[in-house]
Amino acid sequence: DVLAYNMGIGGTTTYDWQVAYDRLIKAMNPSQILLFLGGNDVNGLGETGEATALRLQQMLELMHADFPNANIVYVLSMPVPNNYSNGNFTIEYGRLVQAMKSYGEQNTSWLKTVDLEQYLTVNGVPVAEYFKSDNIHLTEEGYKVWIEQIKPLLVHENTVLKDTSNDVVG
């Protein structure tokens with residue numbers, strides 16, 4: 001059996017995970033890591049795409065150094081309606097996506113990068129039924145698409161999931 005923990009905490013930024021790294025990632029000694037992070041830095045903090053990408057790259061390199069045999073998967077920021085139209089991301093969000101896409105292409109020996117753009121859009125437009133009315137978060141249908149693309153890279157048939165995303169972290 002494989003045991004998996006959901007350590008996701010909504011609304012967090014790269015800064016939050018830098019602070020929590022030792023307690024929430026390193027302490028788990030993971031054999032697999034799925035990282036979906038960065039969009040809140042650009043959208044919530046007003047950071048540049050390049051600065052956010054640099055912090056993400058540093059974090060991914062730290063994970064790889066700490067867990068050289070781990071299966072590490074990074075999910076690129078998604079084409080959400082608030083940040084994507086006519087086949088293009090907003091400027092800084094696009095810079096983040098492009099920088100991380102390029103980084104993933106340069107590090108294929110230890111990093112898998114997931115690009116959901118082609119699965120969440122049609123003709124350059126985000127599929128409305130995949131996104132909640134806030135134009136950011138996925139609906140149940142959107143998560144089905146997410147799972148279909150990510151599950152083969154990460155989850156084994158006999159995985160036991162333990163969701164700790166609502167646990168209080170002290």
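The values are calculated or read from the model by the stated rules, or taken from the named source; none is laboratory data. The model shown is predicted, which means the values in this text are computed figures rather than measured ones. We place every Cβ from the backbone using ideal geometry, glycine too, and count neighbours over all the protein chains shown. Heads up: the accessible areas ignore ligands, DNA and RNA and are worked out on the full protein's heavy atoms, side chains in. Shrake-Rupley method; radii C 1.70, N 1.55, O 1.52, S 1.80 Å.
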Exercise. Given the chain, what whole percent of its Cα pairs are spread farther than 20 Å?
Worked result: 53
Exercise. By average Cβ neighbour count within 10 Å, what is the ranking of 72-80, 127-135, 37-45 from highest down?
Worked result: 72-80, 37-45, 127-135
Exercise. Tilt of helix 91-106 relative to the longest C-alpha principal axis of the chain, in degrees (0 to 90, nearest 10)?
Worked result: 50
For this session: Would you please give the residues with an amide H less than 5 Å from that of GLY38, counting only those at least 5 places away or on a separate chain, with H modeled from the backbone geometry?
Result: THR14
For this session: Identify all lysines with a Cα-Cα distance to LYS101 below 23 Å; exclude those on the same chain that are fewer than 8 residues away in sequence.
Result: LYS112, LYS144, LYS151
Exercise. If amide H atoms are built 1.01 Å from N in the plane of the peptide, which residues on other chains or at least 5 residues away come under 5 Å of the amide H of VAL114?
Worked result: TYR74, VAL75, LEU76
Exercise. Whose amide H sits under 5 Å from the amide H of GLN32, counting only residues 5 or more places off or on another chain, with H placed in the peptide plane?
Worked result: ASN71
For this session: Could you please state how large a percent of the accessible area of segment 1-153 is carbon and sulfur, counting protein chains only and using a 1.4 Å probe?
Result: 50
